[in-house]
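**Student:** Take a look at this one; I'll ask things after.
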């Protein structure tokens, strides 16, 4: 008897020109950072998103670290961010000595609950970090109004949401700074990579210096100085030109990639809606004023026990479905920084019941139908 075909949770997208462009980069004898393909990626992001400056980085983590350096955070400064996010979001600021102030999430979009922001702001609050979960925009009108009124910087963690919109404007264009991810799990990838979007031009010169190991090398290559030297703190945040070449091939086909992912997302939603209503399963919520990125499709199961049984059941069918973030405030490090049970009750509840389904560009219709049919047959509700 043949083993069932394995359906992975994710498979990196490959458009076909990636290897052609990598070979071109090698032929150009420039495979370190800031070559032709890096500039082309930066320019494409700037043009498409209408942002003053985009800088490719080695990861979204490093783009967040650059943000923390640009904000000149000092020990004791406070940064408000959701507990329901990846560890990079908080690490970037803790590395500068800042104290994370964890905010709970909304039960619908799983984005930070903007109604709690005012109560968490103190005279030490230096930044608010909205995370656009699953590529669905946070309530940026309310967040920006509070931040602007209180003089607090906003750094958007838009790892999930490239080319998504909130009320007609692209995610990543609201805060003074925003970060993107091109990890292999993202819609557009180069394996590991990221970008810093700079919406406040006042940050541009310092960002270039930080990204170039604290030197004014970028100014030197533009002919603005006759030699470059160390001028401030920085690190090596430039990705290889080989990665940029791979990424550019992906960004070139952004419309095709997004159209395919939209079809997969909508097939899940339409196929599973009757089942979900019957079983008390919550499907993703996308407000009508949000144009999502079609980054993931998740289920909120009735209980932790049901989720664990469903993961095991799907795994037995060679379907890889996975949970997501463990609340940061309940992690070992989070507790050292003051986190405690009950602090973010919605996060604590939903994180235990969330399950992500296989979702990737090359997911076939037959495989997706197999996943849907498997869910409909599941009877382990307890």
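Bear in mind that the values in this text are calculations on the coordinates, not laboratory data. The structure displayed is predicted, hence computed values, not measured ones. Neighbour counts run over all protein chains shown; Cβ positions are idealised from the backbone, glycine included.
**Student:** Can you give me the ranges of the helices (runs of 4 or more DSSP H) entirely in the range 321-381 with at least 1 residues that are in contact (Cβ under 8 Å) with a residue 12 or more places away in the chain, under 18 Å from residue 269 (Cα atoms) and over 24 Å from the mean Cα position of the chain (by Cα)?
**Tutor:** Counting at least 1 such residues, we get 365-377.
**Student:** Another question, then. I'd like to check something: does the range 111-118 contain any residue that is assigned to a loop (DSSP other than H, G, I, E, B) and in contact (Cβ under 8 Å) with a residue 40 or more places away in the chain?
**Tutor:** Yes: one or more hits.
**Student:** Going residue by residue through the range 240-252, is there one that turns out to be surrounded by 14 or more Cβ atoms within 10 Å (Cβ to Cβ), out of contact with any helix residue (DSSP H, G or I) (no Cβ under 7 Å at 6 or more places or on another chain) and more than 29 Å from residue 68 (Cβ to Cβ)?
**Tutor:** yes
**Student:** Can we say residue 294 is within 30 Å of residue 168 (Cβ to Cβ) and in contact with a helix residue (DSSP H, G or I) (Cβ under 6 Å, 6 or more places away or on another chain)?
**Tutor:** In short, yes.
**Student:** When residue 281 is evaluated against the numbered criteria (1) more than 24 Å from residue 69 (Cα to Cα); (2) touching a residue at least 24 places away in the same chain (Cβ under 8 Å); (3) in contact with a helix residue (DSSP H, G or I) (Cβ under 8 Å, 6 or more places away or on another chain), which criterion, by number, is the only one it fails?
**Tutor:** Single failed check for residue 281: (2).
**Student:** May I ask you to list the residues in the range 207-237 that are in contact with a helix residue (DSSP H, G or I) (Cβ under 9 Å, 6 or more places away or on another chain), over 15 Å from residue 56 (Cα atoms) and outside any loop (DSSP other than H, G, I, E, B)?
**Tutor:** Listed by number, the residues that qualify are 215, 217, 219.
**Student:** Part of a loop (DSSP other than H, G, I, E, B), over 30 Å from residue 14 (Cα atoms) and touching a helix residue (DSSP H, G or I) at 6+ places or on another chain (Cβ under 6 Å): which single residue out of 174, 188 fits that description?
**Tutor:** Every option except 174 fails the conditions.
**Student:** Give the range 193-211 a look and list any residue that's closer than 26 Å to residue 25 by Cβ and out of contact with any strand residue (DSSP E or B) (no Cβ under 8 Å at 6 or more places or on another chain), or say none.
**Tutor:** Result: 210, single match.
**Student:** Where residues in the range 5-25 are in contact with a helix residue (DSSP H, G or I) (Cβ under 9 Å, 6 or more places away or on another chain) and surrounded by fewer than 13 Cβ atoms within 10 Å (Cβ to Cβ), which of them is farthest from residue 297 (Cα to Cα)?
**Tutor:** Taking the candidates together, the pick is 23.
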